[in-house]
Amino acid sequence: MKKALITGITGQDGAYLAEFLLEKGYEVHGIKRRASLFNTDRIDHLYQDPHQTDRNLILHYGDLTDATNLIRILQQVQPDEVYNLAAQSHVQVSFESPEYTADTDALGTLRLLEGIRLLGLENKTRFYQASTSELYGKVQETPQTEKTPFYPRSPYAAAKLYAYWITINYREAYNLYACNGILFNHESPLRGETFVTRKITRALCRIHLGLQDCLYLGNLNAKRDWGHARDYVEMQWLMLQQEFPDDYVIATGEQHSVREFVDLCAAELGMTLQWQGTGIDEIGIDPATNKTIVAIDPRYFRPTEVDTLLGDPTKAHQNLGWTPKTSFNTLVKEMTRHDLAQAQKDQLCHQAGYPVFNHNE
Ligand code: NDP
Ligand code: GDR
C-alpha cells in the first residue's frame, strides 16, 4: 500500500485529493493545524476514529512554519508521495500578512524539501508543489504556458515563486522526483467562502432567500480561467506517476470575467441582473424588485491586481492525457445549487427563531 502525505488536507484541494487517493487504495496521512474549533469540516466524511486500528486516513498536528515537526512527521510516515498543498492561499490577505505568507508558502516548501533530504528519502519520496497561475501576474503573453515568463504581483505570488524554484532546484541538485503543478483557479462547493466565486454563489443564494441584502465586490472585470477542483487533483496525482518529473500548466483554456460569473449565478437562480453606472459607482439591480443586490466596495481592490489569466494546458494534455471534465456552466451550477441548499437550511433556522449570521467579507 502506497503512503501519501498531504499538507493542507483540511483545505479545498486537500479534501478532494484525500478522497481520490483513498479510492486508489493509498494510506493517506494529512497535516492539520491546531485550531480552537474543529477544522476538519471538509474531510469529516472521510474521518476515521483514532481508536480504530486499521485506519487508512491518519491526521497529524503540524504547521509549515515548524521544521522540527515536519521532519518528525516525514520520519514517522516515510511517505512515497508528498503533496504540498498547505499555504496562506488568499492573495488579498497576503498584502496584510506578507511575512507570514512568505514563511508558510516559501520557507514551508523549503522545510519539507530539506526534511526529505535530511532523512535520506530523496530516492523514495516524490514531491508535488502547488504552484499557481498567480506567478504570471502581470502577464507577458497570452495564453500562458510552462515557458511564459513570470511577473508576480503580490506577496503570495512572490512567495510561491520561491517555492516554484526551490522545488526545481532540489530536483536538479539532489535528483529528487519533484514537480510543480502550475494550476489556474479551480473552484467547487468546498471553495473557501472569501474567494470570489464562492462569495458570489453564497451571497446571491442568500439574497434570493431574503437572508442578505447586497453582495459587495471589487474588480468585476478581472478575468480568470476557472476549472473544477475535482478535475485538478487528479492531475496532481498523475504528475507523480510519470517516469520523469516535470512541471505542468493545468487550466481549462477558457476565460471568464467576475461579472460573467455573477450573471451566470444570478441566471441559475432565475434572476437577470441589470448593470448600471460605471467604476466604483457600478451596481447590479434585480429588475423584479428594483433592489441593488450587487455593489462595489473599493476595499476589495488589490494594491496590484492580476487583471487577466488564461492557461494553455496542451503539455498536460499531450504528455499526461489530461483534459478537464467540468465546463464553466456546470461549475457555476454545481456551486449555486450547493449554496442554495445551505441557504435553505439557514432559512429554516431563521424561521424557527434561531439566529442566522452573515459573513459579508
Ligand atoms: P485552501 O486555502 O482551501 O487550503 C489551504 C490549506 O493549507 C488548509 O488546509 C490550511 O489549513 C492549510 N494551511 C495554511 N497555512 C498553513 C500552515 N502554516 N501550516 C500548515 N497548514 C497550513 O487552498 P486550496 O485548497 O484552494 O489550494 C491548495 C494549494 O494550491 C494552496 O497552496 C494554494 O496556494 C494552491 N493553489 C490553489 C489554487 C486554487 O485555485 N484553489 C490555484 C493554484 C494554486 P486550515 O484549514 O487550518 O486553514
Ligand atoms: P485569486 O482568487 O486572487 O485569483 O487567487 P480570488 O477568487 O480571490 O480573486 C479572483 C479575482 O476576483 C477579483 N475580485 C474579488 N476577489 C475576492 N476574493 N473578493 C472580492 O470581493 C472580489 N471582487 C473581485 C479579484 O480582484 C481577482 O482578480 C486564487 C487563490 O486560490 C490562489 O491561492 C491561487 O493561487 C489562484 O487563485 C490561482
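The values are calculated or read from the model by the stated rules, or taken from the named source; none is laboratory data. None of these values were measured; they are calculated from a predicted model. As a convention, Cβ positions derive from the backbone with ideal geometry for all residues, glycine included, and neighbour counts pool all protein chains shown.
The table that follows gives values for the structure above.
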{"read-out": "Of residues in region 276-323 being in a helix (DSSP H, G or I) and among the aliphatic types (A, V, I, L, M), the one nearest to Lys147 (Cα to Cα)", "value": "Ala316"}
{"read-out": "Residue check, Gly218 within 12 Å of ligand 2 (Cβ to nearest atom) and more than 18 Å from the chain's Cα centre (by Cα)", "value": "yes"}
{"read-out": "Tally, over region 167-181, of residues that are crowded, with 20+ Cβ neighbours inside 10 Å, hydrophobic (A, V, I, L, M, F, W, C) and either within 22 Å of the chain's Cα centre (by Cα) or within 10 Å of Gln129 (Cβ to Cβ) (or both)", "value": "2"}
{"read-out": "Enumeration of residues in region 306-346 that are within 16 Å of ligand 1 (Cβ to nearest atom), among the polar types (S, T, N, Q) and under 30 Å from Leu209 (Cβ atoms)", "value": "Thr326"}
{"read-out": "Matching entry among Gln88, Gln75 (being touching a residue at least 40 places away in the same chain (Cβ under 8 Å) and either assigned to a loop (DSSP other than H, G, I, E, B) or outside the structural domain of Lys24 (by the TED database) (or both))", "value": "Gln88"}
{"read-out": "Phe95 vs. criteria aromatic (Phe, Trp, Tyr), under 18 Å from Gly192 (Cβ atoms) and in a loop (DSSP other than H, G, I, E, B)", "value": "no"}
{"read-out": "Residues of region 98-137 satisfying the condition of being among the small types (Gly, Ala, Ser), more than 19 Å from the chain's Cα centre (by Cα) and in a helix (DSSP H, G or I)", "value": "Gly115"}
{"read-out": "Residue selected from region 25-59 under the condition surrounded by 11 or more Cβ atoms within 10 Å (Cβ to Cβ) and charged (D, E, K, R), by the criterion nearest to ligand 1 (Cβ to nearest atom)", "value": "Arg33"}
{"read-out": "Matching residues in region 220-233 - criterion: being part of a helix (DSSP H, G or I) and surrounded by fewer than 17 Cβ atoms within 10 Å (Cβ to Cβ)", "value": "none"}
{"read-out": "Residue count for region 144-163, restricted to those that are touching a strand residue (DSSP E or B) at 6+ places or on another chain (Cβ under 8 Å) and surrounded by fewer than 20 Cβ atoms within 10 Å (Cβ to Cβ)", "value": "2"}
{"read-out": "Scan of region 273-300 for residues that are in contact with a helix residue (DSSP H, G or I) (Cβ under 7 Å, 6 or more places away or on another chain) and exposed (fewer than 13 other Cβ atoms within 10 Å of the Cβ), ordered by number", "value": "Ile280, Pro298"}
{"read-out": "Count of region 198-219 residues which are of a type in the set (S, T, N, Q) and either surrounded by fewer than 22 Cβ atoms within 10 Å (Cβ to Cβ) or in a loop (DSSP other than H, G, I, E, B) (or both)", "value": "2"}
{"read-out": "Leading residue by the ranking (nearest to ligand 2 (Cβ to nearest atom)) among those in region 79-106 that are hydrophobic (A, V, I, L, M, F, W, C) and surrounded by 17 or more Cβ atoms within 10 Å (Cβ to Cβ)", "value": "Val91"}
{"read-out": "Residue satisfying condition, being more than 20 Å from the chain's Cα centre (by Cα), free of Cβ contacts under 8 Å to residues at least 60 places away in the same chain and more than 15 Å from ligand 2 (Cβ to nearest atom), within set Ala266, Ala343, Ala352", "value": "Ala352"}
{"read-out": "Pair list, Cβ < 8 Å and 6+ apart or interchain, from region 288-301 residues that are at pLDDT 95 or above to residues that are more than 16 Å from ligand 1 (Cβ to nearest atom) and assigned to a helix (DSSP H, G or I)", "value": "Ile293/Leu204; Ile293/Ile207; Val294/Val262; Ile296/Gly279; Ile296/Ile280; Ile296/Asp281; Pro298/Ile280"}
